[in-house]
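Novice: My questions all concern the structure below.
The values are calculated or read from the model by the stated rules, or taken from the named source; none is laboratory data. Here the structure is a predicted model, which is why all the values come from computation and not from measurement. Here Cβ is always computed from backbone atoms with ideal geometry, including for glycine, and neighbour counts include all displayed protein chains.
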Amino acid sequence: MKTCGLPLKLSILTLALVLYGAVQSSARQNAPAAERMSASQPGSNDKSEQSASGDAGTTLHKRNWRYRINPSDTLELTFAQAPEFNQTVTVQPDGYITLRVVGDLPAGGQTLPELTASIKTAYSKIMQDPEVTVDPKEFEKPFFTVGGQVGKPGKFDWYADITLTQAIAIAGGFTDASKHSQVLLFRRISDEWSEAKIINVKKMVSSRDLREDPELKPGDMLFVPKNALSKIKPFLPTSSVGLYGAPLGF
């Protein structure tokens, strides 16, 4: 019995090792699938970030803003090494300025660094390495506009850190006909393209969470549409007004 006991114990140990190896191998094969499943399904933190930020496809670009020269702007040109060329010019309606000696030069739509470079290039034909500073004296102030169902639609001066809800307050607030849940924010991203985003101000205010209250940029436009009742009311027959006179709760 003692002679047979050792081989039996070795056989049991061998079988245990084989089973253990099979279990480990199966675990290793299943692990990548589990990891892929975890990677393909966002966690709770990802979901909260997505719900907070909204649809990524409607996120507005944060365009770096630089002032662009407009007609009627008044610019002061100062030449460090040639003060006889110092001058004050006004941008004409067609966007051109008239410079002493060198003549007309396009200026409208350019930033100050762009115009400074153009002026240096123009004067480099008659002087060596001209140094010029362009200082705007009278110019159009940055602005934003608010239209639609607000108390005072119009164009307003822009200042840093103005948010969408503050802009609506400046424009007189919502009217009874406004649709708070679909405020449109239009932003120009280039000379040819603009983009828009729908802001649910009603949800933002009711949840008392203003983290999603976007800051406005110069040139932004807000539009507050009419609610459903206000849209259909003008098309209702006069004789049927009594049938639809009760508020619908929009």
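Novice: Residues that are more than 24 Å from the chain's Cα centre (by Cα) and over 23 Å from residue 190 (Cα atoms): does the stretch 107-117 have at least one?
Specialist: Taking every residue of the stretch 107-117 in turn, none turns out to be more than 24 Å from the chain's Cα centre (by Cα) and over 23 Å from residue 190 (Cα atoms).
Novice: So, one more: For residue 128, which of the numbered conditions (1) in the same structural domain as residue 109 (by TED's automatic domain parsing); (2) at pLDDT 95 or above; (3) of a type outside the set (Asp, Glu) fails to hold?
Specialist: The single condition residue 128 does not satisfy is (2).
Novice: If residue 140 meets every condition in (1) closer than 29 Å to residue 155 by Cβ; (2) modelled with pLDDT of 90 or more apart from one, which number is that one?
Specialist: Checking residue 140 against (1) closer than 29 Å to residue 155 by Cβ; (2) modelled with pLDDT of 90 or more, the one that fails is (2).
Novice: For residues in the stretch 121-145 being under 30 Å from the mean Cα position of the chain (by Cα) and not in a strand (DSSP E or B), which is farthest from residue 168 (Cα to Cα)?
Specialist: So the residue we want is 139.
Novice: Any idea which of 165, 121 is closer than 18 Å to residue 217 by Cβ, of a type in the set (S, T, N, Q) and surrounded by fewer than 18 Cβ atoms within 10 Å (Cβ to Cβ)?
Specialist: Only one candidate qualifies: 165.
Novice: Across the stretch 203-217, what is the total count of residues that are farther than 15 Å from residue 166 by Cβ and assigned to a loop (DSSP other than H, G, I, E, B)?
Specialist: Total satisfying the criteria: 3.
Novice: On to the next question. Of all residues in the stretch 193-212, which are closer than 20 Å to residue 173 by Cβ and surrounded by 15 or more Cβ atoms within 10 Å (Cβ to Cβ)?
Specialist: Of everything in the stretch 193-212, those that are closer than 20 Å to residue 173 by Cβ and surrounded by 15 or more Cβ atoms within 10 Å (Cβ to Cβ) turn out to be 199, 200, 201, 202, 204, 212.
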